[in-house]
Amino acid sequence: MTTTADDAGKRFSPKAIITREKILAAAMDLFYVNGYHATGVDRIIAHAHVSKGNFFHHFSNKAELAIAVLDWYKERAIRELGIRMPHETDTPAVELMNLLRGMARRSANYGGECDIRGCIFGNFALELSVENEEIRRRIQAAFDDFRSLIRGYLDRAVQLGALRNDWDLEVTSTVILSLVEGALLLDKTAQRPRDVLTVLDYIEGMLRDHAAPTA
């Protein structure tokens, strides 16, 4: 039988991989809506339409599942957005804005009925970062990776002569990440998609203001 390895190196059959992803998707949906503490294992099992045995074959407890959800979400996000990495693009500022807008779309429904879920890493940080050290480390790693990716686009834009090199790109990367995460939290609290759209427009304007002069 063909087997596939997950991120932790465990090997599963294709059928087991499908079951595992059903559990991950169900848990992510419920964590978004109800939060971690209000979501029980039995509810995840029912939402995923799997047996209790299947659940505990893949995850020993809810905390282990939460860590897997964070890793799974991070791995899928960039791939599903179709974003090119900094070294792959000749338009890094455009690609950066595509990344930020795509991540915002994953956190909110901007059309029809308002459903502002927030960033799953931000949601978990607020609920769990002082309670579970392993989850805190995963959240921190995700934010660090996101900040490094932003910095990569800015570095690439400077390298290509699209942005000036007279500003602190490390600080700017932190500011961009903080603006987006803060706006998602504000919009989730108010349940209306306003602040994140304002922030994205502001970041786009900031990039224009720091464009290198054309010859």
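Got a sec? Which of Gly102, Gly122, Gly53, Gly35 is exposed (fewer than 14 other Cβ atoms within 10 Å of the Cβ) and either more than 20 Å from Phe146 (Cα to Cα) or touching a helix residue (DSSP H, G or I) at 6+ places or on another chain (Cβ under 9 Å) (or both)? Sole residue among the options that is exposed (fewer than 14 other Cβ atoms within 10 Å of the Cβ) and either more than 20 Å from Phe146 (Cα to Cα) or touching a helix residue (DSSP H, G or I) at 6+ places or on another chain (Cβ under 9 Å) (or both): Gly53. Gly205 - would you say it is part of a helix (DSSP H, G or I) and without any contact (Cβ under 8 Å) to a residue 12 or more places away in the chain? Considered against the rule, which asks whether it is part of a helix (DSSP H, G or I) and without any contact (Cβ under 8 Å) to a residue 12 or more places away in the chain, Gly205 comes out as yes. Of the residues making up region 158-213, those that are farther than 28 Å from Ala108 by Cβ and either in contact with a Gly (Cβ under 9 Å, 6 or more places away or on another chain) or of a type in the set (Gly, Ala, Ser) (or both) number 4.
If the condition is being modelled with pLDDT under 95 and loosely packed, with under 12 Cβ neighbours inside 10 Å, then region 167-215 contributes Thr189, Gln191, Pro213, Thr214, Ala215. Out of Glu75, Glu131, one residue alone is farther than 26 Å from Gln159 by Cβ, over 11 Å from the mean Cα position of the chain (by Cα) and among the charged types (D, E, K, R). It is Glu131. Among the listed residues Val196, Val130, Val180, Val171, which satisfies the condition of being free of Cβ contacts under 8 Å to residues at least 40 places away in the same chain, part of a helix (DSSP H, G or I) and β-branched (Val, Ile, Thr)? Only one candidate qualifies: Val171.
Could you tell me whether Ala93 is assigned to a helix (DSSP H, G or I), touching a strand residue (DSSP E or B) at 6+ places or on another chain (Cβ under 9 Å) and crowded, with 18+ Cβ neighbours inside 10 Å? Yes.
The values are calculated or read from the model by the stated rules, or taken from the named source; none is laboratory data. Here the structure is a predicted model, which is why all the values come from computation and not from measurement. Note that each Cβ is placed from the backbone with ideal geometry, even for glycine, and that neighbours are counted across all protein chains shown.
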